Amino acid sequence: MARPQMLKLPEVLAELNMSRAAFYRMRARGLAPKLIKLPNHQVRVRRADLDAWLARYEDAA
């Protein structure tokens, strides 16, 4: 089964096992994966951006 290319924020939070508040704190510090804001004000994260973000932290660990 192919993974979606654009993830909704709740999907990202579930994958990271993180609260929305913690995610937005990271985002405020510039440490979260890049968000895409849609015209209807919803946000998405590209699968490639999330995977690259995770890889950076995996390399640092």
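For this structure, a couple of remarks:
- Enumeration of residues in the range 11-36 that are surrounded by 11 or more Cβ atoms within 10 Å (Cβ to Cβ) and aliphatic (A, V, I, L, M): V12, L13, A14, L16, M18, A22, M26, L31, A32, L35, I36
- Given (1) open to solvent by 60 Å² or more (accessible area, probe 1.4 Å); (2) under 12 Å from the mean Cα position of the chain (by Cα), number of the condition V45 does not satisfy: (1)
- Helices (runs of 4 or more DSSP H) enclosed by the chain - at least 2 residues per element that are among the aliphatic types (A, V, I, L, M) and touching a Lys or Arg at 6+ places or on another chain (Cβ under 8 Å): 9-16
The values are calculated or read from the model by the stated rules, or taken from the named source; none is laboratory data. As the structure is a computational prediction, the values presented were derived from the model and not from experiment. So basically every Cβ, Gly included, is an ideal-geometry build from the backbone, and we count neighbours across all protein chains shown. Ligands, DNA and RNA are excluded from the accessible area calculation, which covers all protein heavy atoms including side chains. Shrake-Rupley method; radii C 1.70, N 1.55, O 1.52, S 1.80 Å.
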